[in-house]
Each structure stands twice: as structure tokens, then as C-alpha cells.
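Everything on this sheet refers to the single structure shown next.
Bear in mind that the values in this text are calculations on the coordinates, not laboratory data. Just so you know, these numbers come straight off a predicted model, no measurement behind them. Cβ: placed from backbone, ideal geometry, glycine included. Neighbour counts: every protein chain shown.
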Amino acid sequence: MNRKQIKDVTNFLTKLEISFGLEKYRYDIDYNTTEVFLPFPNDEDELNSYDVEEIKLYYDQVDSIKIINNFTVISECITQKVIETSKNLYYYLYVGYYERSLENGIRLRIRDSPLLIGLAALKTEQFNKYNAPCSRHVAVEVIYPSKEQRLDYKEEEEMLTSYFFEIANKHKISIKYSSFYLANEEINEEEDQTVDFLRLEKYNLGMDLFIKANSSLSEDLKYLYYYKIYEYFAPIYSKVEAYELLKKKLDNVNTQEHDSVYMNSFFDLARKYDKSLKDRELVKSVINNAFDLVDLYHYIPESLRSKKIKVKIISYKTNKDSIDRICEILGDILYSTRNQIVHAKSNYDSIGLECPDSDLRELNNFMHKSSYCLIKWYNRLPHYHKLSSDNN
């Protein structure tokens, strides 16, 4: 550090001591200092380490801290929200976990010992000897390039949901908001990993279901959340398909005789659309239409492929009739498996297509990957095909 940096860091530590009640800094600040250990009460200094660049980031922010609720603290250019995950993260995250800079200059990351959260917990006395104010928390952090670029609450929430969605897909980690208090549970060390993406997907409701499916749930409950994603998007695909068929019909309006056969064909289209919305047929419409079944087929449990579908491997050379038959059977498997889980097994009459309990975890892997594709497929649709709530 140079002389000015030493002075800035020293002034910052003094500000934290006077304004927030941090203990007096115990170490020397000199030209060789690369990280600073902030002395929160009831805490080990080394757990709250920040490099000099981070100190510069927070230096001008602590004066504008506002506590929004019991898990959110903001400043002019930073938001921190306390989170908990379905898997414990590596304890020493250093300068940030899952850090990613977006195209608009906004930075997102998950980090341990979130400073703004720690200061808020300290200021409001939300700590004790079992719950340190800073190091016992993990937070998602949003860093804006300027206060003018700060998103409003709804926009920020949708951006963070999209961010959590990508993490849930890549690492099967569910993230939810917590509070200034965390359970006093042991932290397990896990291998550091990064999320390799730049542009977030636009938020849609399927992301919320996807994140819930990656929570610490039993396999049958995970399956139901994935199935809900299918149920959510399948009627949309059915309507898209019906619109396209109807447009083709209307394209021929001047080339066809308007006889009873031609007019009745419109009723046939309507009946086909109504049939596609029935429970048993609903999910079949999206299989191999909203995602590429060839790419994902090998994720289906081998027992289902061999014994129920009776086709172990498919490729782009597989003829369309065979693919259609596979989609039909797979749709029945997903539907009957859902019914077996929803209804008490003692009252459920098996049709022989249900996924065995022993293979449900593997089937959920297929559901995970196909559901991710469904969510991205929906985002690629033109606005006029999407739900009205998403077009506002």
C-alpha cells in the first residue's frame, strides 16, 4: 500500500470503531499490508478478512447503510441479503464465491462474512456469544457501478432469482433467504467452484419451482416440483402449436373450398387442442418439442429405457415414428409416477409404468436437466406467446 491507502484504511477502521462499536484494531497497518482483519465482537479476527481493494469498495458505503428487513441491508451502491443453501459452502471464501460481472457492470457474488450485514447485526445487537455478528453469515451481494444504476426492489429480486437459478442448475444448490441469525451448525468444507456465465436468463415463475426442486427435499418431493414445471409450461406449448396449425389453416383460406370438410377441420383442431390439455396428455406435448430428447435421453434411468420404453439408446438417425412412440410412453411414465407420489400408495392402482423408488433419484436428474431447458425455451418465445403477467 502507499501512504494514502494506509491513511484511508486507518480512517475506515476508526470510523467502524466509533460509529459501529468494532473493537480497536490490533495489528499494524503498513506498506506490506494486503488484507485487514475486522475485529467484530465475539468473533475471531481471521474469519472477517478483507483485502485492501475490498476496503476501498466499502469505505464510502458504510455511511449510507439502511436495514430493509431482517435479511437485507443496502447502501448507495451495494445490497447484501443473508442466505442459506441446501449445501454448505466452503468456509473461507476470501474475496467472493460465484462472483460474476454482468454486461451492465453489475457484480454478483456469494461471500462469507458480509460486512454490511455484520455492521447491521452489530448496530441492532442481533448477536450473542453463540452467533457472531459477521462471520456466521453468508450473503448474496449485489455491487452496482453507481447509485444511479441501482435497480428497484422488484427488478433486483428477479435478477437474483435468475442468478440463484443458474447456480441451482450448475451445482444443484438451492438458495433461500435467511436472517441475521443462523443455526449454530457445523460448516463443512467443499471444493471451490465457479459459475461460468455472463448474461442471466430473464426471470419467470419456473425458476422459483426449479430452485425449490433443488432444496434439501426427499426425492419424491423434488420430482413433484420438477413435474410442476412441466405442468406450467406444457399448456403454453400446446397453445403455441395450436396457433401455428391455425395460422396454416388460415393461410389456405382463399385456396380451399369452404365446404363442410374444410369447416369441420377447424373443430378438429380445437378438439386436438382440448385433448392436449388433459392431465394425461399435458406433459407429452413438451417432450422433444421444448427440449432436445436425443441429448437428454441417456439421463433417463436404464431400467425405464430397457424395461418400459424398450429403447435403450436414441440418436438423430432414429425415425420420427419411434421418437413419437418414445415420447408417448415417457409422458405416461412421468404422469403415472406423479400420481403414485401424490396418492397414497395403498390407494393407488399401479399401471406398471411408474418409476421404481430406487430409480427416482436418477429420474430426477433427467427432470432437472429437461426442466432447465424448458425454462430457457419459454424465455426464447415471442412475447405474444408468453403469459400476460410476463409481458408487462
Going from the fewest other Cβ atoms within 10 Å to the most, one would list 239, 129 as 129, 239
Placing one equal point scatterer on each C-alpha of segment 290-384 and summing with Debye, one gets log10 I(q)/I(0) at q = 0.12, 0.24, 0.25 Å⁻¹ equal to -0.43, -1.31, -1.37
Final fewest-first order of 330, 381 on the 10 Å Cβ neighbour count is 381, 330
Of the convex hull drawn through the C-alpha atoms of segment 32-161, the volume per residue in Å³ is 120 Å³
Expected vector for segment 71-81, Karplus 3J(HN,Hα) from phi with 6.51, -1.76, 1.60 and θ = phi - 60°, integer Hz, x for Gly and Pro, equals 9, 10, 10, 10, 10, 4, 10, 9, 10, 10, 10
So the compactness index of segment 32-90, its C-alpha Rg divided by 2.2 N^0.38 Å, takes the value 1.32
Contour minus Cα-Cα span, residue 179 to residue 35, at 0.36 nm per residue, comes to 49.1 nm
Cβ density ranking, 10 Å radius, fewest first, applied to 20, 40, 180 yields 20, 180, 40
